[in-house]
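K.L.:
Below is the structure I would like to discuss, written out as C-alpha cells.
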Amino acid sequence: MNELEQINVAWDRIEAWLGRHAPRTLYSLDDPVDEGVLREAQRMLGLRFTPAIVASLRRHDGASAFLPMEPPTSDEAVFFLPTGCRPLSVVEMMIGTYKLRSLEAEDGEGAAMWEHGFAPIAMDTTTNHCHFIDCRSTYETHGRLGTFTPESGVEFTEPGSIGALFLAAAEALEAGKGRLIDRHGREVDEEDPGTVSFRERALIWGEPRPPIPDVIEELDGPGGYGGTGGYGGTGVPGEAA
C-alpha cells in the first residue's frame, strides 16, 4: 500500500470509528479543502505541498476548533491525534508556517532548527509542538514527516509519513486507547449506553484539554475559511443542514 492509499484507508477507519462511538468528534472534521485556497496558500508560502499533504487535505481540511452545534460543544470534542496535535486546515497551515518562521527570524537557535521549506500539518497550539512535512524537493528528507518543538528542534523519526501517522491514530482508536466524554466533559461508560445521549459523545486521549488557542485569530469570523465542521450542519453525521 503506497502512502496515498494509506491516507485514504486511515481516514476511512478514523471516520468509521468516530461514527460508531464519538459523533461530536466526527463532526469536527472539516470538508475537503477548497482547491483555490490550496493553490493560494502554496503561492503565498512559496512552497509546493507534497502529494500526501494534498491527499489528506482533500479528505478533511483540518479539524475545526469551532463547532457551532446543538447541543453546545467544547474544544474537547475536536479531533486530535494521539500525540496531542490537531490536524490543521490549509489556512491554519499557512498561519502556523508564518508563526514558526517568525520564531526562526527572532532566535538564532530557531533559525537552525526550523527551515523555510517545512509545512506544519498538525499542531498543539498551546506549545507550538507540531508534525510537519519537509517540502524541500532537493533534500533527501523531501516528503518525510518530522516533529518540531521549540525546546528540542527538528527530529525525523518514525512514523515517517502522513499515511503512517494517521494509520497509527486509526489503530489507537480501534485498540480502545481513547476515552469518551459527554458535552460536560464527563467520562462516558459505554457499557451503560443509557447514561448519555449518543450524539453528545466525543473522543479524548487523556485528561480533558484546556481551551484551544486560536491559531487563526488574524482572520475574520470563527473558523476562518469554513471551519464549521464537515458532516452536515446539524451536528449529527449523515444529516443535512
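K.L.:
Considering each residue of the stretch 10-19, count those that are under 11 Å from Phe166 (Cα atoms) and either open to solvent by 50 Å² or more (accessible area, probe 1.4 Å) or not β-branched (Val, Ile, Thr) (or both), and give that number.
P.N.:
Here the count works out to 4.
K.L.:
Filter the stretch 20-32 down to residues that are open to solvent by 10 Å² or more (accessible area, probe 1.4 Å) and assigned to a loop (DSSP other than H, G, I, E, B) and give me whichever is nearest to Ala77 (Cα to Cα).
P.N.:
Asp30
K.L.:
Tell me, yes or no, whether the stretch 134-142 has at least one residue that is in contact with a strand residue (DSSP E or B) (Cβ under 6 Å, 6 or more places away or on another chain), β-branched (Val, Ile, Thr), more than 20 Å from Leu18 (Cβ to Cβ) and at pLDDT 90 or above.
P.N.:
no
K.L.:
Working only within the stretch 29-56, note down all residues that are among the polar types (S, T, N, Q) and either free of Cβ contacts under 8 Å to residues at least 60 places away in the same chain or closer than 13 Å to Leu88 by Cβ (or both).
P.N.:
Taking the stretch 29-56 and keeping what is among the polar types (S, T, N, Q), we get 42, 50, 56.
Matches in the stretch 29-56: Gln42, Ser56.
K.L.:
Can I ask one more? Of the numbered conditions (1) at pLDDT 90 or above; (2) touching a helix residue (DSSP H, G or I) at 6+ places or on another chain (Cβ under 6 Å); (3) not small (Gly, Ala, Ser), Pro208 fails exactly one; give the number of that condition.
P.N.:
Of (1) at pLDDT 90 or above; (2) touching a helix residue (DSSP H, G or I) at 6+ places or on another chain (Cβ under 6 Å); (3) not small (Gly, Ala, Ser), only one is false for Pro208: (1).
K.L.:
With the requirement that a residue be within 19 Å of Met123 (Cα to Cα) and surrounded by fewer than 17 Cβ atoms within 10 Å (Cβ to Cβ), what does the stretch 151-171 give you?
P.N.:
Glu151, Ser152, Gly153, Val154, Glu155, Phe156, Thr157, Glu158, Pro159, Gly160, Ala164, Ala168, listed by residue number.
The values are calculated or read from the model by the stated rules, or taken from the named source; none is laboratory data. All values derive from a computational prediction rather than experimental measurement. Note: ideal-geometry Cβ built from the backbone for every residue, glycine included; neighbour counts use all protein chains shown. The accessibility values were calculated without ligands, DNA or RNA, using every heavy atom of the protein model including side chains. Shrake-Rupley method; radii C 1.70, N 1.55, O 1.52, S 1.80 Å.
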